[in-house]
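Following: one structure in structure tokens, then a few remarks.
The values are calculated or read from the model by the stated rules, or taken from the named source; none is laboratory data. Remember, it's a predicted structure, so these values are computed and weren't measured experimentally. Because the Cβ atoms are built from the backbone with ideal geometry, glycine has one as well, and the counts that use them run over all protein chains shown.
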Amino acid sequence: MATRSLASSAASARCSARGTARSRRVVTCMAKKVTGVIKLAIEAGKASPAPPIGPALGSKGVNIMGFCKEYNAATAQQAGMVIPVEITVYEDRSFTFVTKTPPASFLIKKAAGIAKGSGDPQVTKVGSITTEQLREMATLKLPDLNANDVEAAMAIIGGTARNMGVEIE
């Protein structure tokens, strides 16, 4: 019994076949090889080739303007928010990216109307937020948090607020 070769040479670029005359042919196709993952926090709709984006992507050989245009288009409706992004770079210099929810500290500062958190949060309180605001933030952040429900997410966001010197009313 003779072994069969791969029918398509297009699949052979990243595929390999193995097997014996008595077993079924096993074809293993590999996905693109990942060469790096870059994590950045960029203001929505305002990505530009200037630092820190340009040097971070340029060192991996990514098309910087291509990323900036795609990111700005994907985040245009969230203007004014800081949106973290995780960029996966492949060996052929292509990329994919996943946008996350805004950082909890950014949401807390925006809701409390403060520029920055307290230097000594146990002593100095710099602002306050309501439980309704906390619930909105927890609902927004739920997909990115290690929480099963909104109450658990509220506890996580509430801890962040307390560590920033923001009281919850």
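In contact with a Lys or Arg (Cβ under 8 Å, 6 or more places away or on another chain) and over 23 Å from residue 38 (Cβ atoms): does that describe residue 112?
Spelling it out, it is not the case that residue 112 is in contact with a Lys or Arg (Cβ under 8 Å, 6 or more places away or on another chain) and over 23 Å from residue 38 (Cβ atoms).
Criterion first (surrounded by fewer than 19 Cβ atoms within 10 Å (Cβ to Cβ), of a type in the set (Asp, Glu) and either farther than 30 Å from residue 31 by Cα or in contact with a His (Cβ under 8 Å, 6 or more places away or on another chain) (or both)) does residue 132 satisfy it?
Criteria met by residue 132.
Considering segment 99-149 alone, what residues qualify as being in contact with a strand residue (DSSP E or B) (Cβ under 7 Å, 6 or more places away or on another chain) and without any contact (Cβ under 8 Å) to a residue 40 or more places away in the chain?
99, 102, 106, 111, 113, 131, 134
What are the pairs, 6+ residues apart or on separate chains, where a residue within segment 71-83 that is touching a residue at least 40 places away in the same chain (Cβ under 8 Å) has its Cβ under 8 Å from a residue that is surrounded by fewer than 15 Cβ atoms within 10 Å (Cβ to Cβ) and assigned to a helix (DSSP H, G or I)?
none
Residue 114 versus (1) surrounded by 14 or more Cβ atoms within 10 Å (Cβ to Cβ); (2) in contact with a Ser or Thr (Cβ under 7 Å, 6 or more places away or on another chain): which is the lone unmet condition?
Checking residue 114 against (1) surrounded by 14 or more Cβ atoms within 10 Å (Cβ to Cβ); (2) in contact with a Ser or Thr (Cβ under 7 Å, 6 or more places away or on another chain), the one that fails is (2).
Residue by residue, here is whether (1) within 30 Å of residue 162 (Cα to Cα); (2) assigned to a helix (DSSP H, G or I); (3) at pLDDT below 95 holds:
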site: 46; (1), (2), (3): no, no, yes
site: 61; (1), (2), (3): no, no, yes
site: 80; (1), (2), (3): yes, no, yes
site: 86; (1), (2), (3): yes, no, no
site: 92; (1), (2), (3): no, no, yes
site: 108; (1), (2), (3): yes, yes, no
site: 121; (1), (2), (3): yes, no, yes
